[in-house]
1. Compute the angle between helix 10-23 and the longest alpha-carbon principal axis of the chain, please, reported from 0 to 90 degrees and rounded to the nearest 10.
2. Sort 50-60, 163-173, 27-37 by the packing proxy (mean of other Cβ within 10 Å over each peptide's residues), most packed first.
3. Quick check: pseudo-label points 7 Å beyond the Cα along Cα→Cβ at residue 125 and residue 183, how many nm apart are they?
4. Can you tell me the Rg and the Dmax, both Å, for the Cα atoms in segment 5-213?
5. To the nearest 10 degrees, how steep is helix 28-40 against the longest Cα principal axis of the chain, on a 0 to 90 scale?
6. Taking segment 101-214 on its own, what percent of its Cα-Cα pair distances exceed 18 Å?
7. Can you divide the C-alpha Rg of segment 128-170 by 2.2 N^0.38 Å and report the result to two decimal places?
8. More than 16 angstrom separation, counting every C-alpha pair in segment 103-150; what % is that?
């Protein structure tokens, strides 16, 4: 799995171009909204391959891949945008729900799962706007902040609202790998377990939603 944006391939460029053609036909303010919502509606999933190419291939991804895609779509359509990495308690930002397994619910109640989260900073003449495209609409009924009402003005609501800004790197994948490696080994293990449980629960929700539409 690539751990650096510098390892992005021509295949990624082609898949990104196809994504833009299908999802972002407009330009200007309308294009920003289309890009944001197209990426936001991708289901959340933190798997072994967290690259933007894998997210585009699989139609789902975690915060890093989703926001690299959003940055690259915005840049490709004539906007100035960067990915900003922030640090906070990811478990404390997840709402409890009765459908969660005991282990996941206990970790959410305890909190204290430190993670480095990504979001996009859209640069504009009116100032910077911070866009968080982590949660799709399907999670609204489970208590998540899904941002489906964002009109393009100001910041969106944040998936990790009390996070501390850390960096705005060009090579997001490599920078995040470096940051995560500096966490305490016990925290690294806890974080990986939390992401595994969270992604498993969300995959179950997606399956339930898909079967309900069948």
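1. Taking the Cα atoms of the chain, the angle to 10-23 is about 80 degrees.
2. Highest to lowest by the protection proxy: 50-60, 27-37, 163-173.
3. Distance between the two pseudo-spin positions: 4.2 nm.
4. In order Rg, Dmax, the Cα atoms of segment 5-213 give 16.5, 48 Å.
5. Here the helix axis deviates by roughly 30 degrees.
6. 63 percent
7. Compared with the compact-globule rule of thumb, segment 128-170 sits at 1.27.
8. Within segment 103-150, distances greater than 16 Å cover 62 percent of Cα pairs.
No lab work stands behind these numbers, since they all come straight from the coordinates. All values derive from a computational prediction rather than experimental measurement. We place every Cβ from the backbone using ideal geometry, glycine too, and count neighbours over all the protein chains shown.
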